[in-house]
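Colleague: Structure provided below as structure tokens; questions to follow.
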Amino acid sequence: MVEFNASRPGEAELAMSIGINSGPVIVGDIGSPQRKDYTVIGDTVNTAKRIESQAAKGGKIVIGPATYELVKDHCRCEALPLMALKGKQEQLQLYSVEVSG
């Protein structure tokens with residue numbers, strides 16, 4: 001995004017935020033015989049969307065606790081304050097992934 005924004009002097013800067021969560025999902029063609037979409041559904045997907053929309057502000061990559069357990073030995077992450085996500089009864093420990101470059 002840094003390179004893209006630099007290639008557009010005078011234009012409004014764009015930022016992308018990413019929320020990642022790991023766990024079981026349902027994937028496939030979902031819908032009616034008249035209209036099917038290949039999609040992913042489930043609590044894992046809903047939580048990833050909530051992480052992205054509520055916690056991953058300003059171009060950040062924020063991951064859920066299950067994802068953190070999978071990547072903690074491979075990248076640097078900073079624990080964020082516990083966060084209550086919409087639709088969740090308990091607060092989640094989220095992590096901001098430190099991106100270099």
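Colleague: Among the residues of region 5-18 satisfying the criterion of being under 21 Å from the mean Cα position of the chain (by Cα) and not in a strand (DSSP E or B), which is farthest from Val71 (Cα to Cα)? Can you show your working first?
Modeller: Keep residues of region 5-18 that are under 21 Å from the mean Cα position of the chain (by Cα), which gives 13-18.
Applying the additional criterion that residues be not in a strand (DSSP E or B) yields 13-17.
Working: Glu13: 30, Leu14: 27, Ala15: 24, Met16: 21, Ser17: 18 Å.
By that ranking, first place goes to Glu13.
Colleague: Still on this model: Which count do you get for residues in region 8-62 that are within 22 Å of Ala84 (Cα to Cα), out of contact with any Leu (no Cβ under 7 Å at 6 or more places or on another chain) and of a type in the set (S, T, N, Q)?
Modeller: Going through region 8-62 one residue at a time, the tally reaches 5.
Colleague: Just one of (1) among the hydrophobic types (A, V, I, L, M, F, W, C); (2) exposed (fewer than 12 other Cβ atoms within 10 Å of the Cβ); (3) at pLDDT below 95 trips up Ala79, so point out which.
Modeller: (3)
Colleague: So, in region 58-70, of the ones that are surrounded by fewer than 16 Cβ atoms within 10 Å (Cβ to Cβ) and either under 28 Å from Leu14 (Cβ atoms) or hydroxyl-bearing (Ser, Thr, Tyr) (or both), which residue ends up modelled with the highest pLDDT?
Modeller: Out of the qualifying residues, it is Gly59.
Colleague: Moving to a separate point now. Here is a list: Gly64, Gly58, Gly87, Gly31. Which entry is in contact with a strand residue (DSSP E or B) (Cβ under 9 Å, 6 or more places away or on another chain), at positive phi and of a type outside the set (Asp, Glu)?
Modeller: None of the others qualify; the one that does is Gly31.
Colleague: For region 19-101, which strands (runs of 3 or more DSSP E) that fit wholly inside it have 3 or more residues that are under 28 Å from Val2 (Cβ atoms)?
Modeller: Fully inside region 19-101 and qualifying: 61-63, 77-79, 95-97.
Colleague: For region 37-78, which positions are over 13 Å from the mean Cα position of the chain (by Cα) and acidic (Asp, Glu)?
Modeller: Asp37, Asp43, Glu69, Asp73, Glu78
Colleague: Next question. Do you know which residues across region 15-45 are touching a helix residue (DSSP H, G or I) at 6+ places or on another chain (Cβ under 8 Å) and hydrophobic (A, V, I, L, M, F, W, C)?
Modeller: Within region 15-45, Ile18, Ile20, Val25 meet the criteria.
Colleague: A further question on this structure: Could you grab me the full set of residues in region 7-41 that are of a type in the set (A, V, I, L, M) and exposed (fewer than 10 other Cβ atoms within 10 Å of the Cβ)?
Modeller: Listed by number, the list holds a single entry, Ala12.
The values are calculated or read from the model by the stated rules, or taken from the named source; none is laboratory data. It should be emphasised that the depicted structure is a prediction, and the values quoted were computed from it without experimental measurement. Glycine also receives a Cβ, built like all others from the backbone with ideal geometry; neighbour counts cover every protein chain displayed.
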